[in-house]
Amino acid sequence: MEQRIIKTIELENGHALVLSDLSRKISEDAYVVLMKASMEIKIEKELFINDPLPDFKFQDILSVLGDKTVYEYKMERNFILNREKDAVLAHMVDTYIKNLGQYVGKPGFPGKFVLKEYKNRIK
């Protein structure tokens with residue numbers, strides 16, 4: 001699947017949010033329009049500065065997740081006509097930024113996401 005980066009947004013939490021177009025043609029005149037938002041998060045002690053973790057817990061997170069993890073969110077619309085593809089994709093990007101962009105940009109988000117990923121993996 002080919003990924004075309006639409007925009008990269010530097011967030012207030014110091015991370016970069018990458019918005020990509022993963023759309024693909026499904027017929028002569030239609031697409032599956034797929035937008036992906038992703039953020040690579042390096043797992044560092046600084047993520048937990050407001051909610052410090054004991055060393056053993058931090059080391060356990062590193063052993064389970066490695067030194068980085070990736071937040072991903074996808075939005076998909078099926079059977080979009082060629083002439084509507086760009087407008088639909090632009091609307092998806094705007095909707096994501098308006099609804100979730102503020103949340104993922106918060107200073108506490110990367111640490112909370114790492115803890116959530118860790119809990120999901122050890123279940």
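General remarks:
- Flag for Tyr73 being aromatic (Phe, Trp, Tyr), assigned to a helix (DSSP H, G or I) and surrounded by 14 or more Cβ atoms within 10 Å (Cβ to Cβ): no
- Residue among Asp21, Asp51 that is out of contact with any strand residue (DSSP E or B) (no Cβ under 6 Å at 6 or more places or on another chain) and either of a type in the set (Asp, Glu) or at positive phi (or both): Asp51
- Residue in the range 8-20 that is closer than 26 Å to Lys123 by Cβ, outside any strand (DSSP E or B), free of Cβ contacts under 8 Å to residues at least 12 places away in the same chain and within 22 Å of the chain's Cα centre (by Cα) present: no
- One residue from Leu89, Leu47, Leu81, Leu65 being in contact with an Asp or Glu (Cβ under 9 Å, 6 or more places away or on another chain) and closer than 23 Å to Ile122 by Cα: Leu65
- For the range 91-123, the candidate set comprises residues that are among the aromatic types (Phe, Trp, Tyr) and in contact (Cβ under 8 Å) with a residue 12 or more places away in the chain; within that set, the residue that is nearest to Gly14 (Cα to Cα) is Phe109.
- Any hit, the range 41-54, residues being in a helix (DSSP H, G or I), surrounded by 11 or more Cβ atoms within 10 Å (Cβ to Cβ) and among the hydrophobic types (A, V, I, L, M, F, W, C): yes
Residue by residue, here is whether (1) under 30 Å from Ile26 (Cα atoms); (2) outside any helix (DSSP H, G or I); (3) at pLDDT 95 or above holds:
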| site | (1), (2), (3) |
| --- | --- |
| Ser63 | no, no, yes |
| Lys85 | yes, no, yes |
| Val93 | yes, no, yes |
| Gly101 | yes, no, no |
| Lys119 | no, no, yes |
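- Residue check, Lys123 over 28 Å from Arg4 (Cβ atoms) and modelled with pLDDT of 95 or more: no
- Considering (1) surrounded by 13 or more Cβ atoms within 10 Å (Cβ to Cβ); (2) out of contact with any strand residue (DSSP E or B) (no Cβ under 6 Å at 6 or more places or on another chain); (3) among the polar types (S, T, N, Q); (4) within 28 Å of Tyr118 (Cα to Cα), the lone condition that Asn99 does not fulfil carries the number (1).
- Check on Met35, at pLDDT 95 or above, more than 22 Å from Gly66 (Cβ to Cβ) and either in contact with a helix residue (DSSP H, G or I) (Cβ under 9 Å, 6 or more places away or on another chain) or assigned to a strand (DSSP E or B) (or both): yes
The values are calculated or read from the model by the stated rules, or taken from the named source; none is laboratory data. Treat the numbers as computed from the prediction; the structure is a model and nothing was measured. All Cβ positions, glycine included, derive from the backbone under ideal geometry; neighbour counts span all protein chains shown.
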